[in-house]
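Peer 1: Take a look at the following structure, please.
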Amino acid sequence: MSAALLCLVVAISDGDTLKARCGEPGSYQQITVRISAIDAPEKGQDFGNVSRQHLAALCFQQVGGITPRGTDRYRRTIADVECRGKDVAQEQVRAGLAWYYVKYGKGYEHLAQVEQQARDAGRGLWSINAVAPWDWRRRGVQTP
C-alpha cells in the first residue's frame, strides 16, 4: 500500500477527477487523480455539474491526502482522496452524486451500503431516473 501524499487540489475536472500539486514548492509534481471506486455523472449528464461542484466544495484549493492505488488507461492516478478530514468517495456517494463503481470497487464494498442509503433517501441523482455513466458512455456519448 502506498503512503498518502499531501497535495494541494488545484482543479476539479468532474465529480470523480481532480488535479493536484504534490511535493515541495518549486519541485512539485502535478497529477491527475481519478477517485477510487466511484463513477460520477459525466459533464453532459443530469447532475454532472452538481457532482463537480460538490467535489469542488470539498477539495478545491484544499490540502488533501491522496493515497495512490494504481493508474488507469488514461495514465491518471487512481487514488483514495481525503479532503477536510472526509473520505471523498464516500461523500460523493452519500450525497447521491456518484455511483459505487462495482466493476472497480474491490475493497470498497462499504460504498454499496452508502449508495443504497442515498437511493432510499432520493438524494441527488436518485431523485430522477438517472443513467449510470458507464451506460451513458457505452451509448457513444463521449466527453473530452
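The values are calculated or read from the model by the stated rules, or taken from the named source; none is laboratory data. Everything numeric in this text was worked out from a predicted model, so none of it was measured. Every residue, glycine as well, gets a Cβ built from its backbone with ideal geometry; the counts of neighbours run over all protein chains shown.
Peer 1: When residues of the stretch 40-73 are filtered for being among the aromatic types (F, W, Y) and at pLDDT below 95, how many remain? Step through it out loud before you land on a result.
Peer 2: Kept after step one, since they are among the aromatic types (F, W, Y), are these residues of the stretch 40-73: 47, 60.
After this cut, where a residue has to be at pLDDT below 95 as well, the list is none.
Looking only at that region, the number is 0.
Peer 1: Right, another one. Looking at Q90, is it in contact (Cβ under 8 Å) with a residue 12 or more places away in the chain and either surrounded by 14 or more Cβ atoms within 10 Å (Cβ to Cβ) or among the aliphatic types (A, V, I, L, M) (or both)?
Peer 2: Details: in contact (Cβ under 8 Å) with a residue 12 or more places away in the chain: yes; either surrounded by 14 or more Cβ atoms within 10 Å (Cβ to Cβ) or among the aliphatic types (A, V, I, L, M) (or both): yes.
Answer is yes for this residue.
Peer 1: Here are some residues: V81, V63, V114, V93. Which one is of a type in the set (V, I, T), in contact with a helix residue (DSSP H, G or I) (Cβ under 6 Å, 6 or more places away or on another chain) and closer than 15 Å to A20 by Cβ?
Peer 2: Among V81, V63, V114, V93, only V81 is of a type in the set (V, I, T), in contact with a helix residue (DSSP H, G or I) (Cβ under 6 Å, 6 or more places away or on another chain) and closer than 15 Å to A20 by Cβ.
Peer 1: If the requirement is being of a type in the set (F, W, Y), under 21 Å from W134 (Cβ atoms), surrounded by fewer than 16 Cβ atoms within 10 Å (Cβ to Cβ) and without any contact (Cβ under 8 Å) to a residue 60 or more places away in the chain, which of these qualifies: Y28, Y74? Quick ask: steps written out before the conclusion?
Peer 2: Working: Y28 fails: under 21 Å from W134 (Cβ atoms).
Result of the check over Y28, Y74: Y74.
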